[in-house]
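Everything below concerns the one structure shown next.
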Amino acid sequence: MKIKFYKQFVKHLTQRVKPNPSLLKKCDERIALFIKNPKDPLLKDHKLIGRKEDFRAFSITGDIRIIYRQGEDYIYFIDIGSHNQVY
């Protein structure tokens, strides 16, 4: 599974996650888990509704999520942040 990162994802990762080393470590762990098994229940992966119905999300922590879209050849990470920031 290949992952591509949208500019918005990289920007928000830098602003919201990297300043907190423990959150960055958790993020790296969950992304590795996602790559290994996207259906792992620990990720709480779910389809989004409404304006974002073409996207899915999985949890890094109780409040931090990664929004992504499945393409034919890639998984596109769209955004990262708290529930209120990404929805």
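Before moving on, here are some points about what is shown:
- Test for LYS18: is it closer than 13 Å to ARG69 by Cα, modelled with pLDDT of 95 or more and basic (Lys, Arg): no
- Matching residues, the range 49-87, being part of a loop (DSSP other than H, G, I, E, B) and crowded, with 17+ Cβ neighbours inside 10 Å: PHE55, ILE60
- Single condition ILE3 does not satisfy, out of (1) of a type in the set (Val, Ile, Thr); (2) out of contact with any Asp or Glu (no Cβ under 9 Å at 6 or more places or on another chain); (3) surrounded by 15 or more Cβ atoms within 10 Å (Cβ to Cβ): (3)
- Criterion violated by PHE77 - all others in (1) within 18 Å of GLN8 (Cα to Cα); (2) modelled with pLDDT under 95 satisfied: (2)
- Restricting the range 12-43 to residues that are surrounded by 13 or more Cβ atoms within 10 Å (Cβ to Cβ) and without any contact (Cβ under 8 Å) to a residue 24 or more places away in the chain, the residue that is nearest to GLY62 (Cα to Cα): LEU43
The values are calculated or read from the model by the stated rules, or taken from the named source; none is laboratory data. Just so it is clear, the structure is predicted and the values come from calculations on it, not from any experiment. Note that we place each Cβ from the backbone using ideal geometry, even for glycine, and neighbour counts take in every protein chain shown.
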